[in-house]
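The values are calculated or read from the model by the stated rules, or taken from the named source; none is laboratory data. Just so you know, these numbers come straight off a predicted model, no measurement behind them. We place every Cβ from the backbone using ideal geometry, glycine too, and count neighbours over all the protein chains shown.
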Amino acid sequence: MRILSIEDEPAIIKNLRKKLSGLSPNLEIIAAKSKSSGVSAIQKKEFDFIICDLRIPPHDNSVAVDENHGLAVRAMAKKLCPGTPCLFFTGYATIDNISDELSHGEMYDILGTGKPYPMTRLLTKDKFSQCIKLLTEFNSELATLDSINIDCLGDKVNLDKMEKRALRLLARPLEGTSVEVQELKGLSGARTLRINAKNQNGQVVASQFAKIGDREKLRKEQERYQRYVEPLLGVGHSPTMGRKIVAGIGKREALFYQFADDYPDTLFDVLRVSECDATTVVESLREILKPWTKLSEEKMLSLHELREERISKAELSPFLEALGPVEAQEEVEQQVRTSCQHGDLHGFNVLCNASGGAVVIDFGNVGPAPACVDPVLLELSVLFHKESPFRNGSWPTIEQTESWFDIEAYLRGCPFPKFIKKCREWASENGGYSGLPMVVYAEAIRQLKYESTDQHRALGIVRAAIRELT
């Protein structure tokens, strides 16, 4: 258990360490002496528990103690890690409104026991023994939670403490004693994981897709899911949103999605084994996502608008010499068919089962966009996703990327031409040919901001799109 103690009296910190010494070696107490050092610690690290004297100085070595400095710590903790329990000490009479505010806060099940735990408590310093009792009990429950085994499948799955805690918080209320974890290669910055929680008999009690990350981004994803996915896509074509963990995992939150059936493979897995099966999956995706494309509308869009959403002018500037002048093309407006799109439809965000069924996952970018964005992204992910098993192949040559719109020339030597053609058919069906060069330009040029990108291939496709636009 990692505790942050914000206290300007060294004797109290010493006493805290002494009283909690029996909890070692699992105990780590980080001491801060003031508002500034306490806030700095909260900003830099994640804690299981925060203890703060309400009357502290603004800076280390200052003697100007004031309750407002303790309240400032509370405000920062509430902003950055509202799911971390905080205990505030006062040795003086505290005005009623502050006492009420600190004694009656939000409550969450942060230990997986099924019982809500108060996020804020206020104690007078003469009840120090009660603080020790609270921390000892909390540590005991935390140890039980952390005893749930996490079995990471794959060498590259390295979960930190709070990511593991999120999975355990899902498993414990279901009487899960272990969790199998497989990473799904997302690009959003959040951890995307396939998990199976099992009980002591080895039975699966939950098979879910988990996403752990920045709380604001996940809240926006939840809003997008509830607006665009849940009411529009058919049952079984996307996972059902289940539990949301908003407390107990530091500065992050977690979303869990429940699968109706077992989908053990990604589309990249399928394509690596069978082009025919992968092509069938693309056909399934066209049908799955039709409810979005049926609600299309025509809009006037400029290339500049599309590009700015994907890569800034500053990020693009190192490549302008290789592209030539693009300002004139970017300012031209064109009528484009738009609809709801997934917005991040790469080969790892499509999960498949043995019968050719598919589901889409990861909804952080779902929303209105040109209607051919998803099939273009799916095709380009074969070349540009940093974990794509095909990105380092000999196809396509740089010369072929310059011929992206000449499908026969582009596909010479391609190991999966039927898959590529099926993506192109889908793109033309969704957006019509008029909008395709704009989308290809925007999505290919976006790849230039990623360090892992084959920049020569990306630039070749961008130049091909520019020629189509002129």
Residues of the stretch 222-256 satisfying the condition of being surrounded by fewer than 20 Cβ atoms within 10 Å (Cβ to Cβ) and part of a strand (DSSP E or B): 240, 241, 242, 243, 244
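Residue by residue, here is whether (1) within 18 Å of residue 246 (Cβ to Cβ); (2) buried (at least 19 other Cβ atoms within 10 Å of the Cβ); (3) touching a Ser or Thr at 6+ places or on another chain (Cβ under 6 Å) holds:
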{"position": "172", "(1), (2), (3)": "yes, yes, no"}
{"position": "176", "(1), (2), (3)": "no, yes, no"}
{"position": "179", "(1), (2), (3)": "no, yes, no"}
{"position": "182", "(1), (2), (3)": "no, no, no"}
{"position": "191", "(1), (2), (3)": "yes, yes, no"}
{"position": "197", "(1), (2), (3)": "no, yes, no"}
{"position": "201", "(1), (2), (3)": "no, no, no"}
{"position": "208", "(1), (2), (3)": "yes, yes, no"}
{"position": "212", "(1), (2), (3)": "yes, yes, no"}
Helices (runs of 4 or more DSSP H) wholly inside the stretch 25-136 containing at least 3 residues that are at pLDDT 90 or above: 35-44, 67-80
Members of the stretch 456-467 found to be farther than 21 Å from residue 344 by Cβ and surrounded by 15 or more Cβ atoms within 10 Å (Cβ to Cβ), listed by number: 459, 460, 463, 464, 466
Residue in the stretch 241-261 that is closer than 25 Å to residue 423 by Cα and in contact (Cβ under 8 Å) with a residue 12 or more places away in the chain present: no
Single match in 355, 339 (criterion: loosely packed, with under 14 Cβ neighbours inside 10 Å, outside any helix (DSSP H, G or I) and of a type in the set (S, T, N, Q)): 355
Selection count, the stretch 424-439, where residues are over 19 Å from residue 333 (Cβ atoms) and crowded, with 24+ Cβ neighbours inside 10 Å: 2
Candidates 453, 401, filtered to the one that is closer than 21 Å to residue 184 by Cβ and touching a helix residue (DSSP H, G or I) at 6+ places or on another chain (Cβ under 6 Å): 453
Some residue of the stretch 440-454 being farther than 23 Å from residue 323 by Cβ, assigned by TED's automatic domain parsing to the domain that holds residue 335 and crowded, with 16+ Cβ neighbours inside 10 Å: no
Members of the stretch 290-321 found to be in a helix (DSSP H, G or I) and exposed (fewer than 13 other Cβ atoms within 10 Å of the Cβ), listed by number: 313, 314, 317, 318, 320, 321
Meets criteria (assigned by TED's automatic domain parsing to the domain that holds residue 185 and exposed (fewer than 15 other Cβ atoms within 10 Å of the Cβ)) for residue 126: no
Flag for residue 348 being modelled with pLDDT of 95 or more and surrounded by fewer than 24 Cβ atoms within 10 Å (Cβ to Cβ): no
First in the stretch 16-30 and in contact (Cβ under 8 Å) with a residue 60 or more places away in the chain, second anywhere and of a type in the set (Val, Ile, Thr) and assigned to a helix (DSSP H, G or I), Cβ under 6 Å, 6 or more apart: 19/132
Test result for residue 403, of a type in the set (S, T, N, Q), closer than 25 Å to residue 273 by Cα and touching a residue at least 60 places away in the same chain (Cβ under 8 Å): no
Output for the stretch 192-239, where each listed residue is within 12 Å of residue 363 (Cα to Cα) and more than 15 Å from the chain's Cα centre (by Cα): 226, 227, 228, 229, 230, 238, 239
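Okay, residues lined up against (1) in contact (Cβ under 8 Å) with a residue 60 or more places away in the chain; (2) touching a Lys or Arg at 6+ places or on another chain (Cβ under 7 Å):
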| site | (1), (2) |
| --- | --- |
| 319 | yes, no |
| 327 | no, no |
| 341 | no, no |
| 346 | yes, no |
| 356 | yes, no |
| 374 | yes, no |
| 380 | yes, no |
| 383 | yes, yes |
| 388 | yes, no |
